[in-house]
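Novice: The structure is given below, and queries will be raised subsequently.
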Amino acid sequence: MDARSLSGILTEVREKRPLVHHITNYVTVNDCANVTLCIGAAPVMAHAHDEVAEMVAMAGALVLNIGTLDHRQVESMLAAGHRANELNIPIILDPVGAGATRLRTETAKTLLHKLHVSVLKGNAGEIATLAGAEGKVRGVDSAGVSGDPAEFARGLAEKLGLVVAVSGATDIVTDGKRLIYVDNGHEMMGKLSGTGCMASSISGAFAAASKDYVTSTAAALASFGVAGEKAAKRCEGPASFKIALLDEIYRLTADEVAHNIKVRFA
Amino acid sequence: MDARSLSGILTEVREKRPLVHHITNYVTVNDCANVTLCIGAAPVMAHAHDEVAEMVAMAGALVLNIGTLDHRQVESMLAAGHRANELNIPIILDPVGAGATRLRTETAKTLLHKLHVSVLKGNAGEIATLAGAEGKVRGVDSAGVSGDPAEFARGLAEKLGLVVAVSGATDIVTDGKRLIYVDNGHEMMGKLSGTGCMASSISGAFAAASKDYVTSTAAALASFGVAGEKAAKRCEGPASFKIALLDEIYRLTADEVAHNIKVRFA
Amino acid sequence: MDARSLSGILTEVREKRPLVHHITNYVTVNDCANVTLCIGAAPVMAHAHDEVAEMVAMAGALVLNIGTLDHRQVESMLAAGHRANELNIPIILDPVGAGATRLRTETAKTLLHKLHVSVLKGNAGEIATLAGAEGKVRGVDSAGVSGDPAEFARGLAEKLGLVVAVSGATDIVTDGKRLIYVDNGHEMMGKLSGTGCMASSISGAFAAASKDYVTSTAAALASFGVAGEKAAKRCEGPASFKIALLDEIYRLTADEVAHNIKVRFA
């Protein structure tokens, strides 16, 4: 595995144009739809309990994001997730706000327990909470953790048998054995709402294109980060940054990713 | 009917500033609100079962969009729709994803059966599905149809006694007798989420201003397309295109529409 | 109280970075999240009945916005609001569409009756409706009032024991005794969806930073208006205006507010 093979997954996404079924929050859902289109995949958002199993069967990946969860939505996530598991469609779980409220923490744990999730992607506080490490989450933001995120991510990945990704200035992706640090990205990505959710959508598109989820997730986060670096050069604040970010994702080539990717294999 | 009379409807929208009541999806709802304002009308989004009948009574048009439907929302669509019918307020139905899941197909059929819809606007796959022709819908995207969309649209319009609009590189608008092709638009409009929904919102605003719904819908789609052509000249990707598109809709004049409209009367 | 002390609240917001819990509509929720970040606070949106009391306990302010209300959401607003009151966390209520439907009018009155709201912010028609004055609301827009908004706002503030803010070309902020006119802003702010909601979010962030809610609300509206004036100089329509507005809010300094603030103390 090297930078070239990572960057090649972007090409596969664009060739396959996988459908990415989202059950997600209403805050950043438009950003998720557009980032999925810009990366070269096709988004669909559907949450009704009596259609999610049918919809997910058409999809290449299922993204579950609990950013504005409620009980009905969680029931639909379970229904969609069970069907995805039957069909070996990868599930990406973004446990937004786990650690902030019992509902979010317990829901994330329930989804991890009842479904076979392929990729769990959160911030350090969320992942620490789910790993049983000390982590604080204020609202939907990580507010500090004790210990090394790489270590508790690795432990959680091993325990649950999935890929864990921790977003941050340096992203961490691990399946418990392999561990990749992704150094791409820009601080502007923390200045607006939705970049974490967008990263999960892109991770879904990449998981639909490549079944090695450590690789696909690292490639997704690196690609997103490279686009963010380019966008930061031509923005005047968070809102123009978001516009530039989406445009850059649309224009991003596998060559650009290969030349600008910054990953370290631990 | 000629290009000049079509373009004049934009002027009427701006003079009347009709209220357009939407019961719509949470993915593109902000785009729908802003496009309605930019074209010169006033949007309101309201879905609670115990207020929709009262709200729609103030409106010049009702837009029903099933992009993220569930049962409660459909009940509200029916309540609003019945009241709209009593008051002769035109209903625009966008059957997003009909053909992709049974829920969407059946809901679209139920709404068409129980309400008098004035304009049914969808992509080729959705309209083919509702016309009983062969059409494939993957997520919310048309994935190929058999046969000539103009023919099955015409047949469906005649059978249901309404105006059918099929969006695509060339849009089709027909009431079963008259048929208009609209060649305006730009491929960038297919690169972002929400353009189909926005077209339905604009069609609602135009239907509120002119009771000849073949004409009003063709004028709406042509106006939207002309703005899209202008926006495509100054964008760097789908996100900056959306910003330019909304700005161009706001700045669009009836003269510009008259000079740039490309319609063919079949 | 002078312009300098008003502008200083922006600095406090940025130092404290308060969490602002929103239970709000799905039309402009993304704008609310981003404006909260841009002003220097942290947004969280959560509506599930079994987490709102826990979430609001972490927050510096609670923003309740009934733009797309339904019964379940109102129950959650009450649960969050009761907990906020117990903890002396200020509540900002935006009674979107009060006066347009009975549900909206009655819900706004119920929230005002059952909760101790700190700041009630609406357009002239909404506030007139709640003050028992003559006001018309069409959809979510004020459609004319009889009488002087300053007078009925003052009366309502005195009667309810809270701060009332009336948005408009000139904003009015009063607690029944003191009254401040805010002349900042730009007509472009009325050309797009969401500026009223954003003003409520900023008012929430400022209320979390300063417990004198007349001052904090006037400072919030003035700061928002100054950013709007700057944004209007470099836009080509409502959509590019929104991007510029958010960027300008992010870049806004207390000095700029102090130099450009236009307030009159009545």
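Novice: Return yes or no: is residue A:248 at pLDDT 95 or above and open to solvent by 30 Å² or more (accessible area, probe 1.4 Å)?
Specialist: Working: at pLDDT 95 or above: yes; open to solvent by 30 Å² or more (accessible area, probe 1.4 Å): no.
Considered against the rule, which asks whether it is at pLDDT 95 or above and open to solvent by 30 Å² or more (accessible area, probe 1.4 Å), residue A:248 comes out as no.
Novice: Would you check if there is a residue in the range B:42-52 being crowded, with 24+ Cβ neighbours inside 10 Å, modelled with pLDDT of 95 or more, over 21 Å from residue A:55 (Cα atoms) and within 13 Å of chain A (Cβ to nearest Cβ)?
Specialist: yes
Yes/no matrix, rows are residues, columns are (1) away from chain A (no Cβ under 14 Å); (2) open to solvent by 10 Å² or more (accessible area, probe 1.4 Å); (3) among the aromatic types (Phe, Trp, Tyr):
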| residue | (1), (2), (3) |
| --- | --- |
| B:80 | yes, no, no |
| B:87 | yes, yes, no |
| B:91 | yes, no, no |
| B:97 | no, no, no |
| B:114 | yes, yes, no |
| B:119 | yes, no, no |
| B:135 | yes, yes, no |
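Novice: For the range B:53-65, what are the residues that are surrounded by fewer than 24 Cβ atoms within 10 Å (Cβ to Cβ) and within 19 Å of the chain's Cα centre (by Cα)? Steps first, please.
Specialist: Narrowing the range B:53-65 to residues surrounded by fewer than 24 Cβ atoms within 10 Å (Cβ to Cβ): B:53-54, B:57-58, B:60.
Listed by number, the list holds a single entry, B:60.
Novice: Out of the residues in the range A:197-238 that are within 12 Å of another protein chain (Cβ to nearest Cβ) and open to solvent by 10 Å² or more (accessible area, probe 1.4 Å), which is nearest to the chain's Cα centre (by Cα)? Walk me through how you get there before you give the answer.
Specialist: Filtering the range A:197-238 down to residues within 12 Å of another protein chain (Cβ to nearest Cβ) leaves A:197-198, A:201, A:227, A:230-231, A:234-238.
Checking which are open to solvent by 10 Å² or more (accessible area, probe 1.4 Å) leaves us with A:197, A:230, A:234-236.
Values: A:197: 6, A:230: 20, A:234: 25, A:235: 24, A:236: 26 Å.
My answer is A:197.
Novice: Which one of these does residue B:264 not meet: (1) out of contact with any strand residue (DSSP E or B) (no Cβ under 7 Å at 6 or more places or on another chain); (2) outside any helix (DSSP H, G or I)?
Specialist: It is condition (1) that residue B:264 fails.
Novice: Tell me, which helices (runs of 4 or more DSSP H) wholly within the range A:1-64 include 1 or more residues that are farther than 21 Å from residue B:241 by Cβ? Steps first, please.
Specialist: Working: elements: A:3-16, A:29-39, A:52-56.
By residue number, A:3-16, A:52-56.
Novice: Kindly establish whether residue B:28 is closer than 30 Å to residue A:58 by Cα, touching a strand residue (DSSP E or B) at 6+ places or on another chain (Cβ under 6 Å) and within 10 Å of another protein chain (Cβ to nearest Cβ). Walk me through how you get there before you give the answer.
Specialist: Values: closer than 30 Å to residue A:58 by Cα: yes; touching a strand residue (DSSP E or B) at 6+ places or on another chain (Cβ under 6 Å): no; within 10 Å of another protein chain (Cβ to nearest Cβ): yes.
No; evaluated as a whole, the condition is false for this residue.
Novice: Select, from B:24, B:101, B:68, B:28, the only residue that is open to solvent by less than 10 Å² (accessible area, probe 1.4 Å), in contact with a Phe, Trp or Tyr (Cβ under 7 Å, 6 or more places away or on another chain) and either of a type in the set (S, T, N, Q) or free of Cβ contacts under 8 Å to residues at least 24 places away in the same chain (or both). Even if it seems obvious, please write down each step before you answer.
Specialist: Details: B:24 fails: in contact with a Phe, Trp or Tyr (Cβ under 7 Å, 6 or more places away or on another chain); B:101 fails: in contact with a Phe, Trp or Tyr (Cβ under 7 Å, 6 or more places away or on another chain); B:28 fails: in contact with a Phe, Trp or Tyr (Cβ under 7 Å, 6 or more places away or on another chain).
Being open to solvent by less than 10 Å² (accessible area, probe 1.4 Å), in contact with a Phe, Trp or Tyr (Cβ under 7 Å, 6 or more places away or on another chain) and either of a type in the set (S, T, N, Q) or free of Cβ contacts under 8 Å to residues at least 24 places away in the same chain (or both) holds for just one of B:24, B:101, B:68, B:28, which is B:68.
Novice: Is it the case, given these coordinates, that residue B:15 is at pLDDT 95 or above, more than 7 Å from chain C (Cβ to nearest Cβ), open to solvent by 10 Å² or more (accessible area, probe 1.4 Å) and out of contact with any Asp or Glu (no Cβ under 8 Å at 6 or more places or on another chain)? Quick ask: steps written out before the conclusion?
Specialist: Values: at pLDDT 95 or above: yes; more than 7 Å from chain C (Cβ to nearest Cβ): yes; open to solvent by 10 Å² or more (accessible area, probe 1.4 Å): yes; out of contact with any Asp or Glu (no Cβ under 8 Å at 6 or more places or on another chain): yes.
Yes; evaluated as a whole, the condition is true for this residue.
The values are calculated or read from the model by the stated rules, or taken from the named source; none is laboratory data. Just so it is clear, the structure is predicted and the values come from calculations on it, not from any experiment. Neighbour counts are summed over all protein chains in view; Cβ atoms, including those assigned to glycine, are modelled from backbone coordinates with ideal geometry. Heavy atoms of the whole protein, side chains included, go into the accessibility calculation; ligands, DNA and RNA do not. Shrake-Rupley method; radii C 1.70, N 1.55, O 1.52, S 1.80 Å.
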